[in-house]
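Following: one structure in structure tokens, then a few remarks.
The values are calculated or read from the model by the stated rules, or taken from the named source; none is laboratory data. Being a predicted model, the structure only gives us computed values, none of them experimental. Cβ sites come from the backbone with ideal geometry, for glycine too, and all protein chains shown count toward neighbours. With ligands, DNA and RNA removed, areas are computed over all heavy atoms of the protein, side chains included. Shrake-Rupley method; radii C 1.70, N 1.55, O 1.52, S 1.80 Å.
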Amino acid sequence: MATPAAVQAASAAGAPTNPFAQLGQGLWRLFTSVDFAVVQIIFLASLAAIGMTLQQLPDFAFRSPADYATSIETIHIRYDPVLGPGIVNVLERLSLFSIFKSPIFGVALVVLVVSIVVCTLDRTPRLWRDVSAVRVVQPEPFFDPRLPDRAAMTGVATADLAQVIRSRGFHVREASTEDGSRYVYGDRHQFTKLATLLTHLGLILFLVAGLVTSRFGDELGLVIPEGESRTVQNIGTADLMLVKNNDFEAPGFDTGRPTDFTTDLAVYQNGSEVARKTIRVNDPLGVDGYTFHQNGFGPAPHLVVKDATGAPLWDAKVPMLDSAGGAPYETMAVPGRDLGLQLLLGRDEAGAGLLVVLPYRIVGEGADGTPRVQNFDPVQLYQGDTKVSDPLGISVGLVDFGEYTLVIAKRDPGQGIVWAAFLALISGITITFYRPRRRIWARLASDGQLGLVFRADRYVDVEREFGALLDDLVAVRRPATA
């Protein structure tokens, strides 16, 4: 009997002495450890929970410093009263408001992918041995009919036995021993267990797709008033893409109960139209890796603001993205002036459209940091009206009540990988469940005694299939000769 010292010495003799080999062996053991896999899953689940709990910065926030400053200000407005500016700043530095784009989340995904790959590589040789190593000849006790899923009979010839097994879809192998016994082995769906490699591949591809999308994908909402255009990428991007809302239709919009809404959307690159389509919620437009989805709509009154000399300060539609008291609401700054306009859209008693305009000016900041606002007399505008404010030196006119469309522009470079992952995962699961492995061992002794053993994966009705096989064998039995 070996002593503990001898065992330890033998283990030490088998251990690599090269430090790089030791490091590789240690990493291999780490990545194939179940405990390490559990830790990774818990860590990623925790990060995902944080990302679903805290408001995340939109994708467009990372397009420019100005977009980021505007978006992070929204975060501060929401969380500063609850957590305090200091804690919010710390959370921002830890990238918790952009957790799915943070380096720590990307590294965690990469580590999980590596772990699955290493575990798959570690398991593959054992899987191959399990499916490729076939033992046709089994010892006599293996065929003991008192054990489960066994049977015994006489009167069946070797050729008939092999033919019946083969007719059931089994690949048949035969062998014989010196004592005159004949062995027939049948294997159906021998390599089914290798389908788990497809399942693992699907999981890996799903994670890779998530990593690719989070690092290289892009998604932004484009608010486009009717007749106007918006850029999809940053100004200065090569082959800059621009989308134009040629026409927006929402039957029933005037009554507040639209039955449908569509946008006649055109896409331009380098000054030329490259695509055009009327999009709906479930019928997007795809161009050059981007998909444009119809997502929403709302009012966008066309305002004209002029100075005292009649020079235009603003002449465009104003999308009303907010609400106040259940009515569309928006604020806008007057270009070239220290003034702003609060806009509230409604109807008068007769049901006619009415826009209330409340001019204001920021005159300072309160002790708590909130701005101090000086409001001026509101004006009411019907379509075609223009009102002049002599104290402010401006006039405001309402040309018409227009609409805007909200289009989601999404670029998902991981989409193709997701489809490949889905195909691999479904293929692996389908093969595993619908093509389970079945095996039959038969031993025909020299005295004509036949022993049978049926083995199958858990998804097989062994009693039914083994019974059907025995019925076939009974049908080919030959009567005993005197």
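Residues in segment 326-347 that are part of a loop (DSSP other than H, G, I, E, B), open to solvent by 40 Å² or more (accessible area, probe 1.4 Å) and touching a strand residue (DSSP E or B) at 6+ places or on another chain (Cβ under 8 Å): Pro335, Gly336, Arg337, Asp338. Taking segment 246-316 and the strands (runs of 3 or more DSSP E) fully enclosed by it, the elements with 2 or more residues that are touching a residue at least 40 places away in the same chain (Cβ under 8 Å) and in contact with a Pro (Cβ under 8 Å, 6 or more places away or on another chain) are at 290-307.
The requirement of being touching a Ser or Thr at 6+ places or on another chain (Cβ under 6 Å) and either surrounded by 17 or more Cβ atoms within 10 Å (Cβ to Cβ) or of a type in the set (Lys, Arg) (or both) is not satisfied by Lys277. Scan segment 102-113 for residues that are surrounded by 14 or more Cβ atoms within 10 Å (Cβ to Cβ) and in a helix (DSSP H, G or I) and jot them down. Passing the criteria: Phe105, Gly106, Ala108, Leu109, Val111, Leu112, Val113. The single condition among (1) modelled with pLDDT of 90 or more; (2) buried (at least 18 other Cβ atoms within 10 Å of the Cβ); (3) under 15 Å from Leu343 (Cβ atoms) that Leu358 does not satisfy is (2). Anything in segment 91-107 that is polar (S, T, N, Q) and under 19 Å from the mean Cα position of the chain (by Cα)? List them, or say none. Within segment 91-107, Ser98, Ser102 qualify.
Among the residues of segment 129-170, those that are at positive phi and small (Gly, Ala, Ser) comprise Gly155, Gly169. The residues of segment 395-419 that are assigned to a strand (DSSP E or B), over 20 Å from Val287 (Cβ atoms) and hydrophobic (A, V, I, L, M, F, W, C), listed by number, are Val396, Leu398, Val399, Phe401. Considered as a group, the residues in segment 84-101 that are without any contact (Cβ under 8 Å) to a residue 24 or more places away in the chain and assigned to a helix (DSSP H, G or I) include one that is surrounded by the most Cβ atoms within 10 Å (Cβ to Cβ), and that residue is Val88.
Taking the numbered list (1) without any contact (Cβ under 8 Å) to a residue 60 or more places away in the chain; (2) of a type in the set (A, V, I, L, M); (3) in contact with a helix residue (DSSP H, G or I) (Cβ under 6 Å, 6 or more places away or on another chain) in turn, Ile104 passes all entries but (3).
Is it the case that Thr405 is surrounded by 15 or more Cβ atoms within 10 Å (Cβ to Cβ), more than 30 Å from Val136 (Cα to Cα) and among the polar types (S, T, N, Q)? When the stated conditions are applied, Thr405 passes them.
Could you list, in sequence order, all residues of segment 280-303 that are of a type in the set (Phe, Trp, Tyr) and within 16 Å of Gly227 (Cα to Cα)?
Applying the first criterion (of a type in the set (Phe, Trp, Tyr)) to segment 280-303 yields 290, 292, 297.
The one that is of a type in the set (Phe, Trp, Tyr) and within 16 Å of Gly227 (Cα to Cα): Phe297.
Filter segment 159-178 for residues that are open to solvent by 30 Å² or more (accessible area, probe 1.4 Å) and either farther than 18 Å from Arg437 by Cβ or hydroxyl-bearing (Ser, Thr, Tyr) (or both) and give the result. Steps first, answer last, please.
Applying the first criterion (open to solvent by 30 Å² or more (accessible area, probe 1.4 Å)) to segment 159-178 yields 159-160, 163, 166-169, 171, 173-174, 176-178.
Those that are open to solvent by 30 Å² or more (accessible area, probe 1.4 Å) and either farther than 18 Å from Arg437 by Cβ or hydroxyl-bearing (Ser, Thr, Tyr) (or both): Ala159, Asp160, Gln163, Ser167, Glu174, Ser176, Thr177, Glu178.
Looking only at segment 375-390, how many residues end up being open to solvent by less than 80 Å² (accessible area, probe 1.4 Å), part of a strand (DSSP E or B), out of contact with any Ser or Thr (no Cβ under 8 Å at 6 or more places or on another chain) and of a type outside the set (A, V, I, L, M)? Looking only at that region, the number is 0. Is at least one residue of segment 306-322 closer than 20 Å to Gly402 by Cβ, among the β-branched types (Val, Ile, Thr) and in contact with a Ser or Thr (Cβ under 8 Å, 6 or more places away or on another chain)? No: zero hits. On the basis of being in contact with a strand residue (DSSP E or B) (Cβ under 6 Å, 6 or more places away or on another chain) and open to solvent by 70 Å² or more (accessible area, probe 1.4 Å), does Glu249 make the cut? Judged against the criteria, Glu249 is a match. Considering segment 3-29, and only residues there that are touching a helix residue (DSSP H, G or I) at 6+ places or on another chain (Cβ under 8 Å) and open to solvent by less than 70 Å² (accessible area, probe 1.4 Å), the residue that is modelled with the highest pLDDT turns out to be Pro16.
Summed over segment 114-141, residues that are in a helix (DSSP H, G or I) and surrounded by 11 or more Cβ atoms within 10 Å (Cβ to Cβ) total 16. Of the numbered criteria (1) more than 30 Å from Glu178 (Cα to Cα); (2) not in a helix (DSSP H, G or I), the one Leu425 fails is (2).
Taken together, the residues in segment 450-482 that are loosely packed, with under 12 Cβ neighbours inside 10 Å and among the basic types (Lys, Arg) amount to 3.
When the residues of segment 223-239 are filtered to those that are among the β-branched types (Val, Ile, Thr) and part of a loop (DSSP other than H, G, I, E, B), the one that is surrounded by the most Cβ atoms within 10 Å (Cβ to Cβ) is Val232. Considering segment 415-449, the residues that are among the basic types (Lys, Arg) and crowded, with 20+ Cβ neighbours inside 10 Å include one that is nearest to Ala152 (Cα to Cα), namely Arg443. Selection within segment 374-416: residues that are polar (S, T, N, Q) and more than 28 Å from Gly310 (Cβ to Cβ). The member of this set that is modelled with the lowest pLDDT is Gln415.
Against the test of being part of a strand (DSSP E or B) and in contact with a helix residue (DSSP H, G or I) (Cβ under 6 Å, 6 or more places away or on another chain), the options Leu242, Leu205, Leu220, Leu211 yield a single qualifying residue, Leu220.
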